[in-house]
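Read-outs throughout are calculated quantities, based only on the coordinates presented, and are distinct from any laboratory measurement. Since the model is a prediction, treat every value here as computed from it, not as a measurement. Counting neighbours? That spans all protein chains shown, and the Cβs are built from the backbone with ideal geometry, glycine included.
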Amino acid sequence: MTLSAASHGFLSPTGVEIAFLLVGIVTLGAAVVTVTTKQLVHAALWLVVALGGLAVEYLLLTAEFIAWVQVLIYVGSIVVLLLFGLMLTRAPIGRSPDADSGNRPAALTVAVAAAAALVWVVVDAFRNTWIDLDGPVQGSTKVTGEILFQHWVLPFEALSVLLLAALVGAIVLSRKNTAAEDEAAAPDARTNARDTEKNARDARTNAPDAEKKEQR
């Protein structure tokens, strides 16, 4: 990032800045639809639009490497994982009343507070800083790697540990659910086994009578 000349201003936007604003509006709309729709598959598809809009924003900010990472990892991997999860869990395709937890006021309050805090921090930190879109690329692989592994090593490693903990927690929860399902299915299995044994005994008992009738 570089300090811009006095020619830059909010009242004289460039074409790139106008495109950035329009894509941001579309991305915000897709994000709102993602968290408000009651159709789970539609929510996943709108999430693709929101994440794709973020990738376009990164491209407009000359951060090409981050944009492609956004497309490959989030759009190409995480959304596909969500869709597979919906299919494997046999989630309803249409409208699902269970998708609404009833905590919308609390969730809306937390979301608005978090968004306001994030906007305030970003505006306060980069109030007089502009990105020179006509200059060298700011988000290249070299620049991103140098910044990430020189100044942000500790947060990067902390995030890795957090993701690993989430993965282990998901495995533990899924194993608990599987064990509970097996315990719930055990009485039915024992009942079916007893019924099968009873039918087999009845069949052996009735077999001599059937042979006698045939001989007569």
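For residue 22 and residue 146 in the same chain, what is the full-extension length gain: residue separation times 0.36 nm, less their Cα-Cα distance, in nm?
The residue 22-residue 146 span can extend by a further 41.5 nm.
Residue 82 to residue 162: FRET efficiency via 1/(1 + (r/R0)^6), r the Cβ-Cβ distance, R0 22 Å, to the nearest 0.05?
Details: r = 19 Å, r/R0 = 0.87.
That pair, residue 82 with residue 162, gives E of 0.70.
Each residue of region 164-171 in order: what ³J(HN,Hα) in whole Hz does its phi give by Karplus 6.51 cos²θ - 1.76 cosθ + 1.60, θ = phi - 60°, with x for Gly and Pro?
5, 5, 5, 5, 5, x, 5, 5
Once fully extended, how much extra length lies between residue 32 and residue 110, figured as 0.36 nm per residue of separation less the alpha-carbon to alpha-carbon distance?
Result for the pair: 26.6 nm of gain on full extension.
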